[in-house]
Amino acid sequence: MKIAMPVNDKSMESGVCLSFGRAPYYLIYESDSEEFEFIDNSAAASQGGAGIKAAQQIVDEKVEAVLAPRCGQNAADVIEAAGIKIYQTEGESIQDNLTAFAQDKLLALDEIHAGFHRHRGR
Amino acid sequence: MKIAVLSGKGGTGKTLVSVNLAAVAEVSTYIDCDVEEPNGYLFFKPEDVEQEEISVQIPVVDQDRCRGCRDCVEFCNFNALAYTSDRLVIFDDVCHSCGGCVLVCPYDALQEEEKPIGRVERGVSEDVNVCTGILNTGEASGIPIINNLLDQETRGETLIDCPPGSACIVMESIAGADYCILVAEPTVFGVHNLDMVHELVELYNKPHGVVLNKCIGDDNPAEAYCRDQGIDILAKIPFDEKLGQINSNGRIAAREDDDFRQIFADLLHRVKGAGR
Amino acid sequence: MKQLLILSGKGGTGKTTITSAFIKLGEAKASADCDVDAPNLHLVMDQLTEPERADYYGLPVAEINQNLCRRCGKCQEHCRFDAIKDGDGQYRINAFACEGCGVCEYVCPQKAISLRPAVAGELMLYNNDMVFSTARLKMGSGTSGMLVSEVKKRLKDAASADLAIIDGSPGIGCPVIASLSGVDMVLIVAEPSLSGISDMERILETAAQFKTKAAICVNKADTNPENTERILAFCRERDLPFVGKIPFDQNAVKAINNGQSIVDIDCPAGRAVDDVFNNTMDILVYEELK
């Protein structure tokens, strides 16, 4: 299964990034072969709508799951529309989260928070 | 005469000055351009209020016509569009209503629809026409509301109560003014922000002067700044408990007290003379 | 790191004054000034050395190459922001009104228009004893949340700090919304005036949309005890934690004008802010008032 995760740097030791939309890089990990690559986040320098653009990039990578500590409403809308599930990471270690995910220990990310321009329940 | 009242820093007394000037003028129009946090109407309590909804244009997609070419997604500099699973997703709240996506779509799949972002309320308080702009909470920009507010008939003197700061929303508010009153308070914060807004009125070549508010003594950094820069000091309003009480209870000082009435009448007279 | 944001809705209620006091009281090793339109916090921070400066690029601005322009006016016809004016036989772009949408570039038959990157502000990062991040928006720039986000992002440099105090801006628009993202709690500084109460309600509504934990204090409380009571009643009604009243104090003005925080001198406002600080920390750290 192909997975995406926002990370702080292009290394497995760098740590999970707190922001999804403005993460500097994403880890794209193939759980079957354990192959991986780091891609630049094209949305990091966006004036606005970063979550949307970042999510579009992730959707285009054709991943099946996203692992992240938090996610804004806008990014979530794009990701979920593509049928991709979002799981909540725990702690900063990239490797620990990949392992936990493989063991089905990560929960679905319930707390989607409103984006910069969105009101919930409207 | 169109008089804009601005300050850079919040809480210096823009509303105090603009509301009271509108009240002392024989016939006037008061326009509240601080659409995020409008306050003037709390003092005027206008009657016969009419509301006008303000909307912006937001794209809507005909999914049947959309072929997923993504020209619109690529075009949008605000990232308001995304394409996933054979569907175009549109984010109203990020959209700047530029109309570009509709233009670039090769299949006529996009059209525009109105989305309300706020309203303008117009009413009367004695001889003052009170116009208030109100932005809906959660919306990012009040500029379309200001455009509506300023594009209207006015009578007598027009007082434009501006938002704090010196960003583009303030520029929009002063663009049509004949004269600008800068309100300053006697703190280093006040002077720092006065400097910014002074730069703004100079850029726009607007005749301007300063009202020193909440004056508590001789040591006034704002006054020193004005003298340094050669800016006209139009009036000094003392820090006054009674004035503070009247104001914090949402009442108009010039309508309740002759001394305060005189201060604002003198100020208006001074501004009308200076603006010529 | 726990992030506390200080907002008010209305300007001039005392956000910056209280922020500087909180930084001292909490010995916070991280702070930020998100009022990028009118930043003031740096005026009361002591021992600031030269900051690291970085240009902030906002949206690009359109430029017309007059040599290629045939003055057909299509750009002006399509510009939704009134940013293109013609005069003296030339079409010109008003850089302040331009929103960088790219429509004019797209419609120009002569390809005479292009979007150019534009500096919209400057970021400053002070990194000595503590990390202090601030920025200044260039006059007339569009207030986008991005500069605010950049200011907050740089707090990451202070990863070891446990507390960050963030000074917010007045209003409820884009910069305020950006500052709310990801903070653990917001302290609303209310003023007991009709305007202050109206603005407080609007900012609370905005914060609620983000489900951010909020607490309220009243500054200059003794200037209008009736209104202060109204605010207290409002808090009870909505089940919002009220963390204290601060009296109006001339000493505060003197301290600020000397570049000091109100807890650097002994005064009534300083003592009251100390209580407000303790109550706020209870909620931030323990989730409830003790």
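Among the residues in the stretch B:79-86, are any within 27 Å of A:Val63 (Cα to Cα), in contact with a Leu (Cβ under 9 Å, 6 or more places away or on another chain), modelled with pLDDT under 95 and surrounded by fewer than 22 Cβ atoms within 10 Å (Cβ to Cβ)? No; the residues of the stretch B:79-86 include none that is within 27 Å of A:Val63 (Cα to Cα), in contact with a Leu (Cβ under 9 Å, 6 or more places away or on another chain), modelled with pLDDT under 95 and surrounded by fewer than 22 Cβ atoms within 10 Å (Cβ to Cβ). Here the stretch A:51-61 is the region considered, the condition is being hydrophobic (A, V, I, L, M, F, W, C) and either more than 7 Å from chain B (Cβ to nearest Cβ) or part of a loop (DSSP other than H, G, I, E, B) (or both), and the residue that is nearest to B:Thr84 (Cα to Cα) is A:Ile58.
Let's see how each residue does on (1) out of contact with any Leu (no Cβ under 7 Å at 6 or more places or on another chain); (2) within 19 Å of C:Gly9 (Cα to Cα):
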site	(1), (2)
C:Lys220	yes, yes
C:Pro225	yes, no
C:Arg230	yes, yes
C:Arg238	yes, yes
C:Pro241	no, yes
C:Asp249	yes, no
C:Lys254	yes, no
C:Asn257	yes, no
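Among B:Gly68, B:Gly118, which is touching a strand residue (DSSP E or B) at 6+ places or on another chain (Cβ under 8 Å), part of a loop (DSSP other than H, G, I, E, B) and over 27 Å from C:Tyr57 (Cα atoms)? Matching residue, one of B:Gly68, B:Gly118: B:Gly68. Hey, among the residues in the stretch B:33-53 that are surrounded by fewer than 24 Cβ atoms within 10 Å (Cβ to Cβ) and among the aliphatic types (A, V, I, L, M), which one's farthest from B:Lys236 (Cα to Cα)? Checking each candidate, the answer is B:Val49.
Pull up the stretch C:228-251, narrow it to residues that are of a type in the set (Asp, Glu) and over 30 Å from C:Asp266 (Cα atoms), then point me to the one that is surrounded by the fewest Cβ atoms within 10 Å (Cβ to Cβ). Here the residue is C:Asp239.
To keep it simple, each residue is scored yes or no on (1) outside any loop (DSSP other than H, G, I, E, B); (2) hydroxyl-bearing (Ser, Thr, Tyr); (3) in contact with a Pro (Cβ under 9 Å, 6 or more places away or on another chain).
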| position | (1), (2), (3) |
| --- | --- |
| C:Gly140 | no, no, no |
| C:Ser149 | yes, yes, no |
| C:Lys153 | yes, no, no |
| C:Ile166 | yes, no, no |
| C:Ser169 | no, yes, yes |
| C:Gly182 | no, no, no |
| C:Ile188 | yes, no, no |
| C:Pro192 | no, no, yes |
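For the stretch B:71-80, the set of residues classified as within 8 Å of another protein chain (Cβ to nearest Cβ) and either part of a helix (DSSP H, G or I) or in contact with an Asp or Glu (Cβ under 9 Å, 6 or more places away or on another chain) (or both) consists of B:Val73, B:Phe75, B:Asn77, B:Phe78, B:Ala80, listed by residue number.
Against the definition (touching a Leu at 6+ places or on another chain (Cβ under 8 Å) and surrounded by fewer than 24 Cβ atoms within 10 Å (Cβ to Cβ)), how does B:Glu153 come out, yes or no?
Values: touching a Leu at 6+ places or on another chain (Cβ under 8 Å): no; surrounded by fewer than 24 Cβ atoms within 10 Å (Cβ to Cβ): yes.
The answer is no for B:Glu153.
Taken over the stretch B:203-259, the criterion of being among the small types (Gly, Ala, Ser) and over 30 Å from C:Phe96 (Cα atoms) is satisfied by B:Gly217, B:Ala224, B:Ala235, B:Gly244, B:Ser248, B:Gly250, B:Ala253, B:Ala254. Residue count for the stretch B:146-183, restricted to those that are over 12 Å from the mean Cα position of the chain (by Cα) and among the β-branched types (Val, Ile, Thr): 4. Can you name the residue in the stretch B:103-116 that is in contact with a Cys (Cβ under 8 Å, 6 or more places away or on another chain) and not hydrophobic (A, V, I, L, M, F, W, C) and, of all such residues, is nearest to the other protein chains (Cβ to nearest Cβ)? Among those residues, the one meeting the criterion is B:Pro106.
Taking B:Phe239, is it surrounded by 14 or more Cβ atoms within 10 Å (Cβ to Cβ), aromatic (Phe, Trp, Tyr) and more than 14 Å from B:Val17 (Cβ to Cβ)? Spelling it out, B:Phe239 is indeed surrounded by 14 or more Cβ atoms within 10 Å (Cβ to Cβ), aromatic (Phe, Trp, Tyr) and more than 14 Å from B:Val17 (Cβ to Cβ). Name the residue that is surrounded by the fewest Cβ atoms within 10 Å (Cβ to Cβ), counting only residues in the stretch B:179-235 that are more than 18 Å from B:Leu21 (Cβ to Cβ) and small (Gly, Ala, Ser). Residue satisfying both the conditions and the ranking: B:Gly230. If you check B:Cys168 against the conditions, is it more than 11 Å from every other protein chain (Cβ to nearest Cβ) and crowded, with 21+ Cβ neighbours inside 10 Å? So B:Cys168 fails the test.
Residue by residue, here is whether (1) over 19 Å from C:Cys101 (Cα atoms); (2) within 14 Å of chain A (Cβ to nearest Cβ); (3) in contact with an Asp or Glu (Cβ under 6 Å, 6 or more places away or on another chain) holds:
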residue: B:Arg119; (1), (2), (3): yes, no, yes
residue: B:Glu126; (1), (2), (3): yes, no, no
residue: B:Val130; (1), (2), (3): yes, no, no
residue: B:Ser141; (1), (2), (3): no, yes, no
residue: B:Leu150; (1), (2), (3): yes, no, no
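Scanning the stretch C:13-36 for residues that are touching a Ser or Thr at 6+ places or on another chain (Cβ under 6 Å) and either closer than 21 Å to B:Asp34 by Cβ or not assigned by TED's automatic domain parsing to the domain that holds C:Asp199 (or both) yields C:Lys15, C:Cys34, C:Asp35. Residues that are modelled with pLDDT under 95, surrounded by 16 or more Cβ atoms within 10 Å (Cβ to Cβ) and in contact with a helix residue (DSSP H, G or I) (Cβ under 8 Å, 6 or more places away or on another chain) within the stretch A:24-43 comprise A:Asn41, A:Ala43, listed in sequence order.
Only a single item in (1) touching a Phe, Trp or Tyr at 6+ places or on another chain (Cβ under 7 Å); (2) more than 8 Å from every other protein chain (Cβ to nearest Cβ); (3) of a type outside the set (A, V, I, L, M, F, W, C); (4) surrounded by fewer than 22 Cβ atoms within 10 Å (Cβ to Cβ) is not met by C:Gly140, and it is number (2). Residues of the stretch C:51-105 that are crowded, with 19+ Cβ neighbours inside 10 Å, within 14 Å of chain B (Cβ to nearest Cβ) and of a type in the set (Ser, Thr, Tyr): C:Tyr56 alone.
Please work out if B:Ile246 is touching a residue at least 60 places away in the same chain (Cβ under 8 Å) and among the β-branched types (Val, Ile, Thr).
Details: touching a residue at least 60 places away in the same chain (Cβ under 8 Å): no; among the β-branched types (Val, Ile, Thr): yes.
The answer is no for B:Ile246.
Of the numbered criteria (1) buried (at least 21 other Cβ atoms within 10 Å of the Cβ); (2) in a loop (DSSP other than H, G, I, E, B), the one B:Tyr30 fails is (2). Would you confirm whether any residue within the stretch B:88-102 is away from chain A (no Cβ under 12 Å), touching a Cys at 6+ places or on another chain (Cβ under 6 Å) and not in a loop (DSSP other than H, G, I, E, B)? Within the stretch B:88-102, one or more residues are away from chain A (no Cβ under 12 Å), touching a Cys at 6+ places or on another chain (Cβ under 6 Å) and not in a loop (DSSP other than H, G, I, E, B).
Would you kindly identify the strands (runs of 3 or more DSSP E) lying entirely within the stretch C:1-98 that contain at least 1 residues that are among the acidic types (Asp, Glu)?
Details: elements: C:2-7, C:30-33, C:52-57, C:61-64, C:84-87, C:90-93.
Qualifying strands (runs of 3 or more DSSP E): C:30-33, C:52-57, C:61-64, C:84-87.
Which condition number in (1) assigned to a helix (DSSP H, G or I); (2) closer than 27 Å to B:Gly250 by Cβ; (3) facing chain B (nearest Cβ under 10 Å) is the one that C:Phe248 fails? Going through (1) assigned to a helix (DSSP H, G or I); (2) closer than 27 Å to B:Gly250 by Cβ; (3) facing chain B (nearest Cβ under 10 Å) one by one, C:Phe248 breaks only (1). Within the stretch C:1-27, the set of residues being within 14 Å of chain B (Cβ to nearest Cβ) and hydrophobic (A, V, I, L, M, F, W, C) comprises C:Ile6, C:Leu7, C:Ile18.
The values are calculated or read from the model by the stated rules, or taken from the named source; none is laboratory data. In this text the structure is predicted, and so the values were computed from the model without any measurement. Virtual Cβ from ideal backbone geometry, glycine too; neighbours counted across all protein chains shown.
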